[in-house]
Amino acid sequence: HFNFPTIQSRMRKAEPARLLLDYTRTMMGFLLLQPKPQRIAMIGLGGGSLAKYCRAKLPDADFTAIELSEEVIALRNEFEIPPDGPRFRVICGDGAEYVRGDAEASDILLIDGFHAEGQPEQLCSAAFYDSCYDKLKEGGVLVVNLCADDTGYGSYVGRIRDSFAEKIVVVEADEGENKIVFAQKGGIFPPRFNEISERLRTLEATHPVDLDRTAQKMLHPGKKRSAGRKRRR
């Protein structure tokens, strides 16, 4: 926790790579758009839930996590985040600088960076989302975790929409106030029903992350759910 009742990360000790928070499972919906990513970058490490899942379930993908806080990185062993290796690494640095830098382009960019006050300015500006677009390969996917009760939420979505030429869809997580934005660089977006359905059939057996629910929301965005649940980041 940064504060209560907001939960930043949760881990089951017996299954450290299992995604317990609903918004993290929703973010894995990028597999419906890019089922075989070769290179994934994530801004914001937290307890490493997405990093651990990708390392376990997408072992052939190169994964880089960029985390600004040394204190957060210092907890990596406690949260059983794998050690650095040829295809997996955690970098202490500014995510905004990373996407502006000369690191190799990614197939997937996951943005899940928060501080105690919410969304950092450098991770939600128009210039940042433009840099994310430039950092993606053609057909690459940006995935952004946003809080719907953030006063800037509408502006952030509008900036992503502008940077990605309208090729975005917003999916509401079942728990909390999280809204997950998926945006794609080029190509047909979102994919046609038959294409998503075929990918879903292929992925479901190996990815227990409610991809069917995320697929339905991608194809039918804006469907309401009951209110009153606690926010998760």
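The values are calculated or read from the model by the stated rules, or taken from the named source; none is laboratory data. Predicted, not measured: the structure shown is a model, and the values here were computed from it. In this analysis, Cβ positions are derived from the backbone assuming ideal geometry, glycine residues included, and neighbour counts consider all displayed protein chains. Protein only, heavy atoms only, side chains kept; ligands, DNA and RNA dropped before computing areas. Shrake-Rupley method; radii C 1.70, N 1.55, O 1.52, S 1.80 Å.
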Run through all the Cα pairs of region 60-104 and give the fraction in each 10 Å bin from 0, expressed as whole percent.
-> 24, 53, 23, 0
With N denoting the number of residues in region 29-169, provide Rg(C-alpha) divided by 2.2 N^0.38 Å, to two decimal places.
-> 1.00
Return the aspartates and glutamates within reach of K167: Cα separation strictly under 15 angstrom, same-chain partners fewer than 8 residues apart disregarded; answer none if there are no such residues.
-> D130, D134, E138
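For the chain, calculate the relative contact order in percent as a whole number, restricting contacts to Cα pairs under 8 Å that are 6 or more residues apart. All intermediate terms of the calculation are to be shown ahead of the outcome.
Details: 437 pairs, mean separation 54.3, N = 233.
Contact order relative to length: 23 percent.
Restricting to lysine pairs 8 or more places apart or on different chains, what number in region 8-146 have Cα atoms under 22 Å apart?
Count of close lysine pairs: 7.
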With a 1.4 Å probe and every protein chain kept in, tell me what percent of the accessible surface of the chain is carbon plus sulfur.
-> 48 percent
Once both labels are modelled 7 Å past Cα along the beta-carbon direction, what's the E204-S155 spacing in nm?
-> 4.2 nm
Surface accessible to a 1.4 Å probe, per residue, for the residues of the chain, Å² = 48 Å²
Placing one equal point scatterer on each C-alpha of region 70-151 and summing with Debye, one gets log10 I(q)/I(0) at q = 0.11, 0.16, 0.25 Å⁻¹ equal to -0.35, -0.75, -1.35
Just grab the label-to-label distance for S125 and D102, each label 7 Å out from Cα along the Cβ direction, in nm (one decimal).
-> 2.2 nm
Rounded FRET efficiency, nearest 0.05, which uses the C-beta distance separating H115 from R89 and R0 of 22 Å | 0.45
Normalized C-alpha radius of gyration of region 2-106, against 2.2 N^0.38 Å?
-> 1.05
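Taking 30 Å as R0, compute the FRET efficiency from the Cβ-Cβ separation of S69 and D174 and round it to 0.05.
On the way: r = 28 Å, r/R0 = 0.95.
Calculated transfer efficiency: 0.60.
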Could I have the simple spin-label model distance between N194 and R12, label points 7 Å from Cα toward Cβ, reported in nm to one decimal?
-> 3.8 nm
